[in-house]
Structures are given as C-alpha cells and as structure tokens.
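The values are calculated or read from the model by the stated rules, or taken from the named source; none is laboratory data. This structure is a prediction, so every number in the text was calculated from the model and none was measured. Every residue, glycine among them, receives a Cβ derived from its backbone with ideal geometry; neighbour counts consider all protein chains shown.
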Amino acid sequence: MQLSYRGVTYNYTPPQVNYNSKEAVGKYRGLDIRFRKVSQPVVQLPTLDLIYRGAHTLHHA
C-alpha cells in the first residue's frame with residue numbers, strides 16, 4: 001500500500017496477524033461481538049536511527 005505524508009510517499013506493508021481458531025462470543029451494549037486471541041503477538045522493531053539534540057535513540061535490529 002502506498003501512502004504519503006506531507007508530500008513524501010512511502011510503501012507500507014501491514015503486518016500479518018495470526019489468530020487462534022477459538023472465538024468467544026459476547027454482547028456489548030446490546031450488540032453481538034466476537035473476541036479473538038492473537039496466537040503470536042506482533043512486535044515491530046524501529047527501522048530508523050533517530051537523533052534528538054545530539055543523542056541517538058536506542059536502536060535494536
């Protein structure tokens with residue numbers, strides 16, 4: 001998916017999220033809702049090495 005922010009375009013690929021096959025059903029304010037549990041949490045690591053007032057941010061890659 002190609003996005004743009006303040007005239008700069010970039011490609012964004014949303015992470016794939018895997019859910020367990022079990023679903024819980026409930027009601028919230030009179031509406032039926034389904035609860036799904038993520039089988040493996042998605043953790044996105046920073047991809048930029050940023051500098052703020054001469055100090056580098058922690059960057060794990």
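Any residue in segment 5-18 that's in contact (Cβ under 8 Å) with a residue 12 or more places away in the chain and closer than 20 Å to residue 43 by Cβ: show its pairings with residues that are not hydrophobic (A, V, I, L, M, F, W, C) and not in a loop (DSSP other than H, G, I, E, B) at Cβ separation under 9 Å, as long as the two are six or more apart or on different chains.
Short answer, once both residue conditions are applied: none.
Filter segment 20-55 for residues that are part of a strand (DSSP E or B) and of a type in the set (A, V, I, L, M, F, W, C); which is modelled with the lowest pLDDT?
38
Scan segment 1-37 residue by residue and report those that are more than 22 Å from residue 48 (Cβ to Cβ) and basic (Lys, Arg).
22, 27, 29, 34, 36, 37
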